[in-house]
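Every number in this text was worked out from the coordinates using simple rules, so none of it is lab data. Predicted model, so just to flag it, every value in this text is computed and none were measured. Methodologically, a virtual Cβ is constructed for each residue, glycine included, from the backbone with ideal geometry; neighbour enumeration extends over all protein chains shown.
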Amino acid sequence: MIRRLFASSIAVAAVCCAGVAFAQDAATIEKGKAVYDAAKPACKACHNEKKAPLDKYGATGTAEDAKAWLRTPKEMFEKTGKKGMMPAYSEKKMSDEDLDALAQYLVSLK
Ligand code: HEC
């Protein structure tokens, strides 16, 4: 009886905390979208339906790569062989926390 009670409270804890983690993810993604919308120069000036769309980024892209594109685009153009120009978003323009949230948002796009 006690053992069963113990087991079921573990199950409840697991469900509860998975729920919390999910809510945190959702909040981070929402924050990342706000960072995306507010970024200057605007991401949308270069990333939209017509050119370099990011709306499926998460299908193949990783958070690590997204962060590398934002902090060191020149290196990423060299590394991937892609062509064009993208400004670097340094820590002055975008904090590490905002960068993390933005990367989570981009990865959520599938
Ligand atoms: C001046 C234009 C410009 C701006 C502004 C810009 N980018 Fe880019 N970005 C590019 C170009 C060009 C590429 C290479 C695209 C390609 O060839 O697929 C790129 C690539 C990327 C990639 C990699 C795409 C992939 O398919 O792997 C990500 C992620 C990205 N940009 C995110 C952003 C975000 C987020 C912002 C705003 C904070 C932003 N970019 C602002 C021009 C820009």
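Need the full-extension length gain, A26 to C46, defined as separation in residues times 0.36 nm minus the C-alpha distance. One decimal, nm. Contour length minus the Cα-Cα distance gives 4.6 nm. Calculated mean residue ellipticity, 222 nm, the chain: -21500 deg cm²/dmol, from DSSP H runs (n ≥ 4) at -39500 (n - 2.57) each, averaged per residue and rounded to 500.
Neighbour counts of C-beta atoms inside 10 Å place K50, K44 in the sequence K50, K44, starting with the fewest. Computed over the chain, relative contact order equals 40 percent, with contacts defined as Cα pairs under 8 Å that lie 6+ residues apart. Expressed as a fraction of 2.2 N^0.38 Å, the value expected for a compact globular protein of N residues, the C-alpha radius of gyration of region 2-108 is 1.42.
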